[in-house]
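Asker: Please see the structure below; I have some questions.
Here, each number is a calculation from the coordinates, and none is a lab measurement. Bear in mind the structure is a predicted one, so any value in this text is a computation, not a measurement. All Cβ positions, even for glycine, are placed from backbone atoms using ideal geometry, and neighbour counts span all protein chains on display.
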Amino acid sequence: MTERVRQILSCYESENPGVKASLARMLNHGTLAGTGRMVILPVDQGFEHGAARSFAPNPPGYDPHYHFRLAIEAGCNAYAAPLGFLEAGASTFAGEVPLILKLNNHEVLHDEKDPISVQTGSVAAALRLGCCAIGYTIYPGSSQAGRMYEQVRGLAEEAKSAGLAVVIWSYPRGSGLSKEGETAMDVCAYAAQIAAQLGADVIKVKLPTAHLEQDAARKVYEKEKIPIGTLTERVRHVVQSSFDGRRIVIFSGGAKTADAELLEQARAIRDGGGFGSIMGRNAFQRPKAEAVALLRSVMDIYKK
Amino acid sequence: MTERVRQILSCYESENPGVKASLARMLNHGTLAGTGRMVILPVDQGFEHGAARSFAPNPPGYDPHYHFRLAIEAGCNAYAAPLGFLEAGASTFAGEVPLILKLNNHEVLHDEKDPISVQTGSVAAALRLGCCAIGYTIYPGSSQAGRMYEQVRGLAEEAKSAGLAVVIWSYPRGSGLSKEGETAMDVCAYAAQIAAQLGADVIKVKLPTAHLEQDAARKVYEKEKIPIGTLTERVRHVVQSSFDGRRIVIFSGGAKTADAELLEQARAIRDGGGFGSIMGRNAFQRPKAEAVALLRSVMDIYKK
Amino acid sequence: MTERVRQILSCYESENPGVKASLARMLNHGTLAGTGRMVILPVDQGFEHGAARSFAPNPPGYDPHYHFRLAIEAGCNAYAAPLGFLEAGASTFAGEVPLILKLNNHEVLHDEKDPISVQTGSVAAALRLGCCAIGYTIYPGSSQAGRMYEQVRGLAEEAKSAGLAVVIWSYPRGSGLSKEGETAMDVCAYAAQIAAQLGADVIKVKLPTAHLEQDAARKVYEKEKIPIGTLTERVRHVVQSSFDGRRIVIFSGGAKTADAELLEQARAIRDGGGFGSIMGRNAFQRPKAEAVALLRSVMDIYKK
Amino acid sequence: MTERVRQILSCYESENPGVKASLARMLNHGTLAGTGRMVILPVDQGFEHGAARSFAPNPPGYDPHYHFRLAIEAGCNAYAAPLGFLEAGASTFAGEVPLILKLNNHEVLHDEKDPISVQTGSVAAALRLGCCAIGYTIYPGSSQAGRMYEQVRGLAEEAKSAGLAVVIWSYPRGSGLSKEGETAMDVCAYAAQIAAQLGADVIKVKLPTAHLEQDAARKVYEKEKIPIGTLTERVRHVVQSSFDGRRIVIFSGGAKTADAELLEQARAIRDGGGFGSIMGRNAFQRPKAEAVALLRSVMDIYKK
Amino acid sequence: MTERVRQILSCYESENPGVKASLARMLNHGTLAGTGRMVILPVDQGFEHGAARSFAPNPPGYDPHYHFRLAIEAGCNAYAAPLGFLEAGASTFAGEVPLILKLNNHEVLHDEKDPISVQTGSVAAALRLGCCAIGYTIYPGSSQAGRMYEQVRGLAEEAKSAGLAVVIWSYPRGSGLSKEGETAMDVCAYAAQIAAQLGADVIKVKLPTAHLEQDAARKVYEKEKIPIGTLTERVRHVVQSSFDGRRIVIFSGGAKTADAELLEQARAIRDGGGFGSIMGRNAFQRPKAEAVALLRSVMDIYKK
């Protein structure tokens, strides 16, 4: 147990030992074990975008076992997926990689301005499958956000009482926001704060742009001269907005991105005090050897 | 126990022995026992379309016992129906054919753009009636899809814990889709993926056309050159989208079809790696002798 | 479905279709499928007498998989065992042989005049393991019999509501009986009646001797000239005492017996209208090939 | 225990001793202990307005520990915050300041005319974190007010049965009111009455203006010549409307205000018979030393 | 994941992935990670014999943290203790060593011929404390054994459904046995069999002597010429009696023993196919450096 991991765990002062042990399992697993940094592989794209859009670029990914192997070979800290994908491999790979059961999901067959992600798994299933955490997505900015806040409140309480950690994907979307606003600096920091206040142990947000969406917020950012010019500064502000570094906050890149840019982002996350990345499509949509190499390059940056 | 059935069961690695035994009961019953292929008789038309539209073409079908006899004589792997139909014959035919209790149903007395199929049975009823599986319909594309996903999540968890397998009918419908889109290649493969992610042991979808409904999907199909020109290729893509063959996926024909076409479809299902058919109206809406003959012809194709 | 099985099932007129289907699964499985006769392999000796006394005579029996294989190869109608033994093989052999989870067990490390067999399994476990019945032992004649009657009442109610059949081992023992009395004609018939009255679907008793234990009973047997001179007559009387043939009653031989005697017993069971045998030590305490041969010889007798 | 506190507690005659003890813990803590007056520090701004708008003016406030320290150093009677903020410090500061878990929250990423504040905490969490009260916001005037009344009813019942006091933030808002009406005299007094009728032990309202919003109310205020010309008179009317002083009612100032005005308000609250203040942004959005000084000045007024 | 561990896990075919992962966590932790062998540190002596008898020989052991440190420094696969001892350190050492919550305990302040160990912990506590298994003691041979069998049945079912493994201490004791009989070969093998049949994932028994306690058993051991002359042979027979090696069985030495003898025992356990040791008093009743050295010497033997 490194000093850094011990320090991180000490911030979770109200969690029971089971939740702390679950966080420790993720922090002490894989290539980044003990560094206090994390790279998580999430594969919920099949549900979110459909099978072909997710896996046709790298067809071995149609097979659920592929993603377990990818996470294990790359030394990811954890692998996150919906019920079906975990059920299809949790026995074969029992004990080989920390698992996060994604408890809600959303698909795009019905368009809506104000999306909701519905419950597709349970705390009982997470325990039965040997997971160390549950995952849940909220959409701040959607008119249906309240229903998700209330649902994750109950699920988080149940999960924590059983020693499972809680990972919240906080993705601003919905009629309350412009498209640009979904990744705006103020909105992203706000989304991180909401997840933290809801009791998230690990917060996952998108990397923010320098755009400021809400008038009331813009005034404050300008008046207080909050530095958000560089990605590093913006990451630092998100970390600050996540209880001043007392909660693990990791960043996702979204759609497929050029490698150089991904590595640049990782450096900014590291330099801004971020805790790591969650990389899905950029990992599983390329051949495994390439994906492992890329993930290792990102991890190398975090190790420094 | 044939090697093929053993291989199929091994894909259900996180299911308890009870669920595996229920799957084995279906796979090892009837004319196709041991082949790894299935033909299921579903008769939920009475609820879905009304009695006359369902049974007037072949009046003996008004009698619930008729369908048990049809499934038994034809050697179907299972017979699926709503509560009332099963209650009306489950005692007389106890142990003669694996039963699937359809847990939700939809009727057409109230038209709506965004349909929902409501719960009409329970896991307790399925156990009481001696079923080996529950069935549930989802309508991806309906604005009410989320409610069905959440409901089947809970029912599936309850069913599996009692050793029942879970069959999901995944039928895209609703205001999110064009009429043509309901059977589009991309939508059908997406629907199969959603069912698999929800934890379905057996997935039932419609045979897809070569139409591509969603722009985002079309780009991927074209860029990755996914072969979908022939029905065999499209079946293969659905199987791939169902966890790369790790989940049993069977196909329905829908409305009454010419026999030659049905047999042609069965050959495509077989050649594309599909696991079989679910044939309702094409079976029970013709005289029993003819129906048995047709079902046997389909089974003969699957046996090869 | 043979006429004979249909006739037997018709006697279970108050059971739900699930229980009937479970009985049908046992009656229609294996070498005796459809005959209305059953041979069940029970292996609870490990718990009841210890591992060495049970399995040293045929050491492959230490392995739980051995007994599944023996039951399958011999074509037994069902295999009955305690929780641990079923858990150790129920997945590998899912769907290959009907299973009965023995819900209570007794060991001989503490001597007592009035034995009780305690609960070691549950209805939930039986469902999870894919069983078609629960098994339960009662000891009529023990001062603790009442506790077992009350426990099996609750378990049977729960089991039947979930479609599981109920098999009661009715073995008279305890301070109320002499050693000879445990297999006395009057006591054995009484034990069968008690099991039937408790709601047993299948009753298992020991083959009775001509001894009459209780004075009050002896007077009646003599006054009414009940024929009990031959084993066939005694079997007939037990069947009569089990609701005049409306309940399946099968017989156990107990300790290892000479083959000729076993076959003689089988003929008497058959001729007296018994429904079959439950053979444990006589089967699994000899090499598998011999055991299969013996079981087949017994089944040959029952087929006639 | 002072006579004044005893007198206040005697008004809560139907509450169980646990709720009374919780009220006593707040009334007997900090600088105002025993005076019957309270100053509470609430920090739910992070959720309500986002992290930067809340904490950028005084960046140490990003850290949850800061607010515990502020409440303790200033000698506040209690500290109120949402789940995440309390979890992040409740263990470090256990027993140092009475805590109020804010059970519902509202964010401004999705604009709506009729706001609802959704549940983000639970009574179980309040107990687990060692709180002495739950807090809940209602929006009288919103079309969704009824859902909040029903939710707080259930939560209050649960909280009180476990000995927790209930604090209701009653903030008129929504399409039923003009902007000016939100702090109108009639509306504010009405809001206090609703909270009291819902079973609030402590009521929190905004300081009212002399505006009268509703015609039916204005007629009465004019006819009965209710004195509402000065702030002191308006406070007195709110206290009267809160069961004639039988319920603790405290006042919030809202956005950052000049110090002189704040002190003027405190004098009016005191002179009108109010029980104290709840000061958030005016406290935590300035350097800690200044905040402590200001809070102490307010307390000095209440002590007189 | 080594081949050996994978092979061991494959024997737990009916357990859910959570239980398998919990077993994997123990098998893959510490000095013996991946070897398929285990050394567990149990410290329930405080409850069982009192503080002074347990810890006076090495006073640092009065401090609960001491035993966590000892288990971690020695590289034990797991640390087992009652509720209080785990509560006193589970947060400080979260994630550093797999924990087993001992769910029942027995003290010696009231002497009895027929002991019972009573429930002192719960499955919920095990989850809250981050344990990977529950532990439970049964006393075959006690007239109260049945109550313990029934209790562990329920607790094991609950634990497994939540992904916790089940460790059963099977210690023959009570009026049914002579003192010598408690470690007799026949009794020890019987005790292992009972634990396995009750569903134990890991079985803990004492090393048996060559004594044979029960007449009925002695006849079989002599007739079948079961080799039990050496300790290695006796270990092999216990392994055989634990489902022929399909269940992990580990051995305890009991009271303080000379080191040479302990190492000799470890060699016998290894050569007889045993899975390891559980060493309490021989470890914690000596200075830590010596204890670590001894535990490492034992582990060195198991590594070969």
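Asker: Helix-derived [θ] at 222 nm for chain D: sum -39500 (n - 2.57) over DSSP H runs of at least 4, divide by residue count, nearest 500? Kindly include the intermediate steps, with their values, before the conclusion.
Answerer: Numbers: 14 runs with 134 residues, N = 304.
Helices in chain D give a 222 nm mean residue ellipticity of -12500 deg cm²/dmol.
Asker: As a footprinting exposure proxy, order E:L263, B:L231 by other Cβ within 10 Å, with the fewest listed first.
Answerer: Numbers: E:L263 16, B:L231 20.
Fewest-to-most Cβ neighbours within 10 Å comes out as E:L263, B:L231.
Asker: Follow-up. Using the 10 angstrom Cβ neighbour count as an exposure proxy, how do B:S14, C:S122, E:S241, C:S14 rank, fewest first?
Answerer: Values: B:S14 25, C:S122 19, E:S241 31, C:S14 7.
In order of increasing Cβ crowding within 10 Å: C:S14, C:S122, B:S14, E:S241.
Asker: One decimal, nm, shortest first: give the distances between the label point of D:G18 and those of the same position in the other copies, each label point 7 Å from Cα along Cα→Cβ.
Answerer: Inter-copy label distances (nm, one decimal, shortest first): 2.2, 2.9, 3.7, 3.9.
Asker: Using only the alpha-carbon atoms of the stretch E:1-153, report the extent along each of the three principal axes, biggest first, to the nearest angstrom.
Answerer: Per principal axis, max minus min of the Cα coordinates gives 48, 38, 26 Å.
Asker: In addition: Pairs of Cα atoms under 8 Å, at least six residues apart: use those to get the relative contact order of the stretch A:1-126, whole percent. Could you put the intermediate results ahead of the total?
Answerer: On the way: 172 pairs, mean separation 28.6, N = 126.
Dividing the mean separation by the residue count of the stretch A:1-126 yields 23 percent.
Asker: Let me ask something else. Taking H placed 1.01 Å from N in the peptide plane, check which residues at least 5 places from E:L207 or on another chain put their amide H under 5 Å from its amide H.
Answerer: When sequence neighbours closer than 5 places are left aside, the close amide H contacts are E:S252.
Asker: Now a separate question. Can you work out ³J(HN,Hα) from phi for every residue in the stretch A:25-38, in order, using Karplus 6.51 cos²θ - 1.76 cosθ + 1.60 and θ = phi - 60°, giving whole Hz and x for Gly and Pro?
Answerer: 4, 6, 5, 9, 10, x, 4, 9, 3, x, 7, x, 10, 9
Asker: Work out Dmax and Rg for the stretch E:122-210 from the C-alpha atoms and quote the Rg first, both in angstrom.
Answerer: Considering the stretch E:122-210 through its Cα atoms, Rg and Dmax are 13.6, 43 Å.
Asker: Please list the three semi-axes, largest first and in whole Å, of the ellipsoid equivalent to chain B, using sqrt of 5 times the eigenvalues of its alpha carbon gyration tensor. Present the calculation step by step, with values, prior to reporting the outcome.
Answerer: Details: eigenvalues 137, 94, 88 Å².
Largest first, chain B gives 26, 22, 21 Å.
Asker: Where Rh denotes the Kirkwood radius from the mean inverse Cα pair distance, what is Rg over Rh for the stretch C:16-101?
Answerer: Rg/Rh: 1.00.
Asker: Something else now. Given the convex hull of the Cα atoms of the stretch C:51-141, what is a quarter of its surface area in nm²?
Answerer: Working: hull surface 26.7 nm².
Convex hull of Cα atoms, orientation-averaged projection: 6.7 nm².
Asker: Next up: Of all DSSP beta bridges located in the protein assembly as shown, what percent are antiparallel, nearest 5? Let's see the in-between values first.
Answerer: Values: 10 of 150 bridges.
The answer is about 5 percent antiparallel.
Asker: Based on alpha-carbon positions alone, could you give the equivalent ellipsoid semi-axes of the stretch B:243-304 from the gyration tensor, as √(5λ), descending, whole Å? It would help to have the intermediate numbers written out before the result.
Answerer: On the way: eigenvalues 91, 28, 19 Å².
In descending order the semi-axes read 21, 12, 10 Å.
Asker: I've got another one for you. Taking neighbour Cβ counts within 10 Å as the exposure measure, how do A:T92, C:T183 sort from fewest upward?
Answerer: Working: A:T92 19, C:T183 22.
Placing the least packed residue first, the sequence is A:T92, C:T183.
Asker: Using only the C-alpha atoms of the stretch D:111-260, find the volume of their convex hull and express it per residue in Å³.
Answerer: Details: hull volume 19.6 nm³, N = 150.
Convex hull volume per residue, Cα atoms: 130 Å³.
Asker: Near C:F47, within a Cβ-to-Cβ distance under 12 Å, what is the net charge of the other residues, with Lys and Arg +1 and Asp and Glu -1?
Answerer: Details: positive: C:R53, C:K102; negative: C:D44, C:E48, C:E107.
The answer is -1.
Asker: Separate question: Could you pull the copy-to-copy label distances for B:E112, with points set 7 Å along Cα to Cβ, in nm to one decimal and sorted shortest first?
Answerer: 1.3, 2.1, 5.9, 6.1
Asker: When the Karplus curve 6.51 cos²θ - 1.76 cosθ + 1.60 is applied with θ = phi - 60°, which whole-Hz ³J(HN,Hα) does each residue of the stretch A:109-117 get, with x for Gly and Pro?
Answerer: 7, 10, 6, 8, 6, 10, x, 9, 9
Asker: Another question, then. What does the charge count near B:Y190 come to, summing +1 for each Lys or Arg and -1 for each Asp or Glu among other residues with Cβ under 10 Å from its Cβ? Let's see the in-between values first.
Answerer: Details: positive: A:R53; negative: A:E107, B:D186, B:E213.
Charge balance in the 10 Å sphere: -2.
Asker: What does the charge count near A:L295 come to, summing +1 for each Lys or Arg and -1 for each Asp or Glu among other residues with Cβ under 14 Å from its Cβ?
Answerer: Numbers: positive: A:R37, A:R69, A:R281, A:R286, A:K288, A:R296, A:K303; negative: A:E73, A:D259, A:E290, A:D300.
Here the count lands on +3.
Asker: Calculate the spin-label point distance for C:Y149 paired with D:K113, positioning each point 7 Å from the Cα along the beta-carbon direction, and give it in nanometres.
Answerer: Reported label-point gap for D:K113 and C:Y149 is 7.3 nm.
Asker: With chain D rotated onto chain B, spot the residue of D whose Cβ lies nearest the axis and note the distance in whole Å.
Answerer: D:R147, 10
Asker: Here is a further query. Given contacts defined as C-alpha pairs under 8 Å and at least six residues apart, what's the relative contact order of chain C, whole-number percent? Display every interim value, and only then the final one.
Answerer: Values: 633 pairs, mean separation 55.7, N = 304.
Computed over chain C, the figure is 18 percent.
Asker: Please go through the residue pairs D:K179/D:K225; A:K20/A:K204; A:K256/A:K288 and name each one whose alpha carbons sit more than 21 Å apart in this structure. Before the final figure, lay out the partial values.
Answerer: Working: D:K179/D:K225 25 Å; A:K20/A:K204 18 Å; A:K256/A:K288 15 Å.
Cα-Cα > 21 Å for D:K179/D:K225; rest within.
Asker: Calculate the spin-label point distance for E:K223 paired with D:C11, positioning each point 7 Å from the Cα along the beta-carbon direction, and give it in nanometres.
Answerer: 8.8
Asker: Looking at the stretch E:1-64, I'd like the Rg to Rh ratio, where Rg is from alpha-carbon atoms and Rh is Kirkwood's inverse mean 1/r. Display every interim value, and only then the final one.
Answerer: Details: Rg = 16.7 Å, Rh = 14.0 Å.
The Rg/Rh ratio comes out at 1.19.
Asker: From the square roots a ≥ b ≥ c of the eigenvalues of the alpha-carbon gyration tensor of the stretch D:94-166, which class results: rounded (a/c under 1.5), prolate (a/b over b/c), or oblate?
Answerer: Working: a/c = 2.97, a/b = 1.78, b/c = 1.67.
Cα axes put the stretch D:94-166 in the prolate bin.
Asker: Any chance you could get the radius of gyration and Dmax over the Cα atoms of the stretch C:179-258, in Å?
Answerer: Taking only Cα atoms of the stretch C:179-258, I get Rg and Dmax of 12.1, 36 Å.
Asker: Bin by bin, in steps of 10 Å, what percent of the Cα pairs in the stretch A:195-240 do you find, going until the bin that has the longest distance?
Answerer: 23, 49, 27, 1
Asker: Right, next: Shielding by partners for C:10-16, please: the mean number of other protein chain Cβ atoms within 10 Å of each residue's Cβ. Walk me through the numbers before you get to the answer.
Answerer: Working: counts 2, 0, 2, 1, 0, 2, 9.
Mean partner shielding for this stretch: 2.
Asker: Return, ordered by residue number, the residues of the stretch A:24-68 whose backbone nitrogen is under 17 Å from a label point located 7 Å along Cα→Cβ of A:A258.
Answerer: What the label zone holds, given the 17 Å backbone N cut-off, is no residue at all.
Asker: Next question. When each copy gets a label point 7 Å from Cα toward the beta-carbon at A:T2, what are the spacings between them in nm, shortest first?
Answerer: Listed shortest first, these distances are 2.7, 5.4, 5.4, 7.2 nm.
Asker: Given the options E:K206, E:K102, E:K256, which has the most mean-square fluctuation in a GNM of chain E, springs set between C-alpha atoms less than 10 angstrom apart?
Answerer: Result for chain E, Cα springs under 10 Å: E:K256 fluctuates most.
Asker: Determine the distance separating the Cα centre of the stretch E:194-214 from the Cα centre of the stretch B:69-99; give it in Å without decimals.
Answerer: After rounding, the separation between the Cα centres reads 48 Å.
Asker: Could you list the residues of the stretch D:195-220 with an amide nitrogen less than 14 Å from a label point located 7 Å from the Cα of D:E157 in the Cα-to-C-beta direction?
Answerer: Hits in the stretch D:195-220 for D:E157 at 14 Å: D:198-199.
Asker: Additional query: Test of understanding: express the Cα radius of gyration of the stretch A:190-304 as a ratio to 2.2 N^0.38 Å, with N the residue count. Walk me through the numbers on the way to the answer.
Answerer: Values: Rg = 14.9 Å, N = 115, 2.2 N^0.38 = 13.4 Å.
Taking N as the residue count of the stretch A:190-304, the ratio is 1.12.
Asker: In whole angstrom, how far apart do the alpha carbon centroids of the stretch C:117-169 and the stretch D:101-118 sit?
Answerer: 54
Asker: Across 10 Å bins from the origin, how do the percents of Cα pairs in the protein assembly as shown run, short distances first?
Answerer: Answer for the protein assembly as shown: a P(r) of 1, 8, 14, 17, 17, 17, 13, 8, 4, 1, 0, 0 percent.
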